[in-house]
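A short write-up of the structure that comes next.
A short reminder: the numbers here are calculations on the coordinates, not readings from a lab. Please read all numbers here as calculations on a predicted model, not as lab measurements. Ideal geometry is used to build each Cβ from the backbone, glycine not excepted, and the neighbour counts take in all protein chains shown.
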């Protein structure tokens, strides 16, 4: 499954303010509704590494291989093996901004399964729903400056 899944959301926030939120060490603890903890291992821009623990206890490492100061970053999302490449971008929308997250999964479960197209569609819908919840959490934090609570925008059977 190498098809990119992209979700974006506009925000009534300046690009520089959004950058402060998403580039802070441990930032997922503020707005990610399925995040139990987000521990920085090395935080230095490009080359940064952190550990994300989901509410269900699953642990992943994020390795940042490209850092675009003020605009976004690209990272590898790694479990027991590489799972996906993820891109975060802040785009200017007049005086405000939007955030776009793209996931390119690097795994293909059931690759010989006869119903593989249905499995891919299910995974796509699940990842789109996941990204929408993350972006809702980002909006909530940006407006209220309060951390989201677990599953604030609904549960996700993969991560809750």
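Considering only residues that are touching a helix residue (DSSP H, G or I) at 6+ places or on another chain (Cβ under 8 Å), without any contact (Cβ under 8 Å) to a residue 60 or more places away in the chain and buried (at least 18 other Cβ atoms within 10 Å of the Cβ), which ones fall in the stretch 1-37? Hits for the stretch 1-37 are 27, 35. Residue-level check: of (1) more than 14 Å from residue 23 (Cβ to Cβ); (2) touching a strand residue (DSSP E or B) at 6+ places or on another chain (Cβ under 9 Å); (3) surrounded by 15 or more Cβ atoms within 10 Å (Cβ to Cβ), residue 133 misses just (2).
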